[in-house]
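K.L.:
Below: one structure in structure tokens.
The values are calculated or read from the model by the stated rules, or taken from the named source; none is laboratory data. Quick caveat, the model's predicted, so the values are computed rather than measured. Positions of Cβ are backbone-derived with ideal geometry, glycine not excepted, and every protein chain shown enters the neighbour counts. Remember, those area values only see protein heavy atoms, side chains included, never the ligands or the DNA or RNA. Shrake-Rupley method; radii C 1.70, N 1.55, O 1.52, S 1.80 Å.
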Amino acid sequence: MIEQFQRAQGGCRNSTKDFLHHLEQTFYQTAYYVTERQQDAMDATQKALVYVYRHLKEIQVSDIEEKQQVWEQKVIVQACFDLSKQRSKVVSMLPHLTRDNLVKKLPGNVSFVASLKRAIYELPERPRFILVLRYIQNLTIQEIAEVLGIPVESVKKQLYRARKQLQEWLSDYQEGGLFQWQIHKS
């Protein structure tokens, strides 16, 4: 990947295309888990790829060599934040889902997965990003702090609160529902 990046910085079109294609997969995965909608994930991914392409010459090889995954997540998280800011200025015509209709949507296994997913999307933006980076992208607390540019203690507190909130919202499953599910501390 580093050699490909260096060739891309040198102006090789095929290396640039391959480098961006590699990033596209990583960017999309994170963006999809964070934004909930396929179109928003594609928009955030495109925004991040355009940023990388425009700033290709300015990116330091050391940024990618040392902590490639952290660097990638910083880029896509910033694109998701930017997209979220843009979207917040748009008023949705669809009714907003509330906690009351999180758990009782679908029967069986689909109900739990759908409820968990919906509950995650109901979290405020920053805790939702932290959950995705921790449990989907498997970043450490320290790496998440670097990606988001916040102190490690803030990451720990927000992760704790987010897990606690999910645990509360999904308590029906803990209290003898179809799954005896609980959020595990790591």
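So that you can scan it fast, the table gives a plain yes or no per residue for (1) open to solvent by less than 10 Å² (accessible area, probe 1.4 Å); (2) assigned to a helix (DSSP H, G or I); (3) free of Cβ contacts under 8 Å to residues at least 24 places away in the same chain:
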| site | (1), (2), (3) |
| --- | --- |
| HIS22 | no, yes, yes |
| THR26 | no, yes, no |
| GLN29 | no, yes, no |
| VAL34 | yes, yes, no |
| ASP40 | no, yes, no |
| GLN46 | no, yes, yes |
| LEU49 | no, yes, no |
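K.L.:
Based on this model, can you work out whether VAL152 counts as under 17 Å from GLN78 (Cβ atoms) and either surrounded by 18 or more Cβ atoms within 10 Å (Cβ to Cβ) or out of contact with any His (no Cβ under 7 Å at 6 or more places or on another chain) (or both)?
P.N.:
Spelling it out, it is not the case that VAL152 is under 17 Å from GLN78 (Cβ atoms) and either surrounded by 18 or more Cβ atoms within 10 Å (Cβ to Cβ) or out of contact with any His (no Cβ under 7 Å at 6 or more places or on another chain) (or both).
K.L.:
In the stretch 51-81, which residues are under 21 Å from LEU123 (Cβ atoms) and open to solvent by 50 Å² or more (accessible area, probe 1.4 Å)?
P.N.:
LYS74, GLN78
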